[in-house]
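The values are calculated or read from the model by the stated rules, or taken from the named source; none is laboratory data. Remember, it's a predicted structure, so these values are computed and weren't measured experimentally. Ideal geometry is used to build each Cβ from the backbone, glycine not excepted, and the neighbour counts take in all protein chains shown.
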Amino acid sequence: MTEEGDVSETVTMPPMRPVDVAAREGSEAAVGESVFDISGLTVRYGSNVAIKDVNVQIQKNLITAVIGPSGCGKSTFIRCLNRMNDTVSSFNLDGKLLFHGVDLYGDNVEPIEVRRRIGMVFQKPNPFPKSIYDNIAFGPRMLGMKKDLDERVERVLRHAALWEEVKDRLKENALGLSGGQQQRLCIARALAVEPDVILMDEPASALDPISTTRIEDLIGELKRDYTIAIVTHNMQQAARVADMTAFFSVEVREDGKGRHGILVEYDLTTKIFTNPGDKRTEDYVTGRFG
């Protein structure tokens, strides 16, 4: 994706100061219920450390943006939240990742149930080569949620702002939809199994500006009912849609023979973009690197 969302280097930033913990605790976005409580999260693929010692809380019914330069582990991080990395044979995780107080990587936790409760929408729309209706109905059918299926399909398509465009085409192949429509269909498909959280990995990066705007508007509407975490390279997008922003960057290993991602700063989006507490964040959001 292009860097057109980046802010110019000439933007003046207020003087840096340490993060004001008291102010954060008193803000509306900082006092909600924690959905994810993550401590000491380190991820390895084989001997390669991808992200190291991430500590963060993600709160209910807020939109959290995850930003940072390429290679800093943003997608690795978000895929840990619903155990999508389990499919990678070399994946290994240390630390604690609690979801409503339950350790997602505990021995008695079923990954399929985790992915039902925590849905994922990917960078490229990936509808099944089935009808629009069957794309939505697939998950509920697999999970035995077959009661009132027609009503469920209509409800989630309306929630994804797609019903009026496809209500007369439900039996048509979903691959015939436009890119933006396909992505909204994938969001509706995720909603159909009644998740608590929706994860989005650059959901608009492959879309045109009009479709991107519709996706962003939809994300804003969905937060009334869902907790949302979104990875984006577009900093203007993060500033537009997110309540909280986590800035990841890359740290070179002490022996100089490798690098890994780290969480540099996590705070209110307005603060991250106007008065960050770390020089590295300031340099990134003003376009000095990344």
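General remarks:
- The residues of segment 121-163 that are of a type in the set (Gly, Ala, Ser) and touching a residue at least 24 places away in the same chain (Cβ under 8 Å), listed by number, are SER131, ALA137, GLY139, ALA160, ALA161.
- Residue within segment 186-194 that is surrounded by fewer than 23 Cβ atoms within 10 Å (Cβ to Cβ), more than 20 Å from ASN126 (Cβ to Cβ) and of a type in the set (D, E, K, R) present: yes
- Residue match in segment 81-94 (condition: under 18 Å from LEU263 (Cβ atoms) and either without any contact (Cβ under 8 Å) to a residue 24 or more places away in the chain or buried (at least 21 other Cβ atoms within 10 Å of the Cβ) (or both)): yes
- Qualifying residue in segment 97-108 (condition: in a strand (DSSP E or B) and among the hydroxyl-bearing types (Ser, Thr, Tyr)): no
- The one condition in (1) over 23 Å from LYS223 (Cβ atoms); (2) not in a strand (DSSP E or B) that ARG116 fails to fulfil: (1)
- Condition broken by ILE58, with the remaining ones in (1) part of a loop (DSSP other than H, G, I, E, B); (2) farther than 19 Å from ARG259 by Cα satisfied: (1)
- The residue list ILE262, ILE230 contains one member that is in contact with a Leu (Cβ under 9 Å, 6 or more places away or on another chain), of a type in the set (Val, Ile, Thr) and either within 27 Å of ASN48 (Cβ to Cβ) or at pLDDT 95 or above (or both), which is ILE230.
- Test: residue in segment 118-136 that is hydrophobic (A, V, I, L, M, F, W, C), in contact with a Pro (Cβ under 7 Å, 6 or more places away or on another chain) and surrounded by 20 or more Cβ atoms within 10 Å (Cβ to Cβ): yes
- Residues (buried (at least 17 other Cβ atoms within 10 Å of the Cβ), in a loop (DSSP other than H, G, I, E, B) and on the phi < 0 side of the Ramachandran plot) located in segment 64-80: CYS72
- Test set (1) outside any loop (DSSP other than H, G, I, E, B); (2) closer than 23 Å to VAL231 by Cβ - GLN123 fails condition number: (1)
- Selection of segment 142-154 for residues being modelled with pLDDT under 95 and either closer than 14 Å to ARG83 by Cβ or not aliphatic (A, V, I, L, M) (or both) yields GLY144, LYS146, LYS147, ASP148.
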